[in-house]
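Dropping the structure in here first, questions after.
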Amino acid sequence: MNPQLFRPTAEGELRLLLLINAFSNQPYGMQGRTKLAKLDFLLRYPAFLRRALATRGHPYDDLLPESNPLEQRMVRYRYGPWDPSYFALLGSLIGRGLIEVVPYPRGLGYKTTQTGATLAGVVGQTAAWASTAAAVQLLRHNFNQAGSTLKKLVYDVFPEITAARWEEPL
């Protein structure tokens, strides 16, 4: 695998910061990397988010873009979509004091710090990130479930993802 895939990008950091911030008001924050990866998948691929919302009988929001120009694509991994740079992205956000790790009985969660929450609020109000912030709120409202439940959703609703070979770009 290309080592460049493991490097954090500013876009990736901000996207994860917005996503983690939306779940930070819960006792353990964003619970686990599986949940983070599945929600990030839906955030990065609006066409899949529309399909997931349709399975719930929820019309998708007009703020969702038709497509999303990605700085790098996710790959198929053991439990579905995965970004090889997650460890670097999370490490960078932790190292910058923007998120913190919160242990919970079944693993590790992530919450924004006060500085991270402030930055997420400012970024989410910019024109460049408004549609991402709106999509994050759709995810929070419609898919605030355990990572294993979201993994099952991906397997059930997106057979083309689960049929992909491991490490194949999505």
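Where a number appears in this text, it was derived from the coordinates with a stated rule and is not lab data. Remember, predicted model here, so these are calculated numbers, not experimental data. Positions of Cβ are generated from backbone atoms using ideal geometry, with glycine treated the same way; all protein chains shown enter the neighbour counts.
So what J values fall out for segment 140-146 if you push phi through Karplus, 6.51 cos²θ - 1.76 cosθ + 1.60 with θ = phi - 60°, rounded to Hz, Gly and Pro as x?
After applying 6.51 cos²θ - 1.76 cosθ + 1.60, I find 4, 6, 9, 9, 7, 10, 5 Hz.
Taking 0.36 nm per residue of separation and subtracting the Cα-Cα distance, what length does fully extending VAL157 through ALA54 add? Mind dumping the intermediate values first?
On the way: separation 103, 0.36 × 103 = 37.08 nm, distance 1.02 nm.
Taking 0.36 nm per residue and subtracting the Cα distance, the gain is 36.1 nm.
Moving on to the next point. Per-residue counts of other Cβ atoms within 10 Å, averaged by peptide: what ranking do you get for 126-132, 31-37, 9-15, highest first?
Working: 126-132: 13.7, 31-37: 21.3, 9-15: 17.7.
Descending packing order for the listed peptides: 31-37, 9-15, 126-132.
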